[in-house]
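Asker: Sharing a structure, written as structure tokens. Questions coming.
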Amino acid sequence: MSPRLLLALTPLLFTSIAHAAVDCANASDQATMNQCAGQEYKAADKELNAVYQQITARLKDNADARKLLVNAQRAWIGFRDAECEFSTSGVAGGSVYPLIYSNCMTGVTQSRVKTLKQYLKCEEGDMSCPVPGA
């Protein structure tokens, strides 16, 4: 490997180490708080995707219900994005914006996760539940 290439890649190595060492419980500067809020949202989104996949697996034999779920999820994503854009409009362009935006995205996503998890707990014979039991 050429010395120039190695020198050019060096900052990337330190960036990864710096991100791994972030102490979110004791974040005291805006950049760290923004980063931690972003990580929290990523975790909520990951959980949302896992629950969504569980539901789609249960609906594998019901194409109509799967289509309705996809439509509902797309509409929910539009709502989430619009809601967080609106609720953070007062701080748009400010250094706190990423924190407030990520907190909004996390909260709305966690609410959706809770709703979707309820579908996974439907009891046999519950006619109001669109997701069959496991």
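Asker: What about residue 65, is it of a type in the set (Gly, Ala, Ser), surrounded by 14 or more Cβ atoms within 10 Å (Cβ to Cβ), in a helix (DSSP H, G or I) and more than 13 Å from the chain's Cα centre (by Cα)?
Answerer: yes
Asker: Being in contact with an Asp or Glu (Cβ under 7 Å, 6 or more places away or on another chain) and more than 17 Å from residue 54 (Cβ to Cβ) is the filter here; which residues of the stretch 105-134 pass it?
Answerer: 106, 108
Asker: Among the residues of the stretch 105-118, is there at least one that is farther than 30 Å from residue 30 by Cβ, surrounded by 12 or more Cβ atoms within 10 Å (Cβ to Cβ), touching a residue at least 40 places away in the same chain (Cβ under 8 Å) and not small (Gly, Ala, Ser)?
Answerer: Within the stretch 105-118, one or more residues are farther than 30 Å from residue 30 by Cβ, surrounded by 12 or more Cβ atoms within 10 Å (Cβ to Cβ), touching a residue at least 40 places away in the same chain (Cβ under 8 Å) and not small (Gly, Ala, Ser).
Asker: Still on this structure, I have one more. Just one of 125, 90 is exposed (fewer than 13 other Cβ atoms within 10 Å of the Cβ) and at pLDDT 95 or above; which is it?
Answerer: Step by step, each of 125, 90 is checked, and only 90 is exposed (fewer than 13 other Cβ atoms within 10 Å of the Cβ) and at pLDDT 95 or above.
Asker: Write out, first by first residue and then by second, each pair whose Cβ atoms fall under 8 Å of each other, whose residues are 6+ apart or on separate chains, and whose first residue, in the stretch 58-85, is over 21 Å from residue 111 (Cβ atoms) while the second is hydroxyl-bearing (Ser, Thr, Tyr).
Answerer: Final answer for the pair search is 66/56.
Asker: All but one of (1) part of a helix (DSSP H, G or I); (2) free of Cβ contacts under 8 Å to residues at least 24 places away in the same chain; (3) over 26 Å from residue 32 (Cβ atoms) hold for residue 54, so report the exception by its number.
Answerer: In the conditions (1) part of a helix (DSSP H, G or I); (2) free of Cβ contacts under 8 Å to residues at least 24 places away in the same chain; (3) over 26 Å from residue 32 (Cβ atoms), residue 54 misses (2) alone.
Asker: Looking at (1) part of a helix (DSSP H, G or I); (2) buried (at least 18 other Cβ atoms within 10 Å of the Cβ), which is the only condition residue 70 fails?
Answerer: (2)
Asker: While we're here: Taking the stretch 112-134 as the region of interest, how many residues are in a helix (DSSP H, G or I) and out of contact with any Lys or Arg (no Cβ under 9 Å at 6 or more places or on another chain)?
Answerer: 6
Asker: OK, next. Going residue by residue through the stretch 88-95, is there one that turns out to be more than 20 Å from residue 134 (Cβ to Cβ) and in contact with a Cys (Cβ under 7 Å, 6 or more places away or on another chain)?
Answerer: yes
The values are calculated or read from the model by the stated rules, or taken from the named source; none is laboratory data. Predicted model, so just to flag it, every value in this text is computed and none were measured. All Cβ positions, glycine included, derive from the backbone under ideal geometry; neighbour counts span all protein chains shown.
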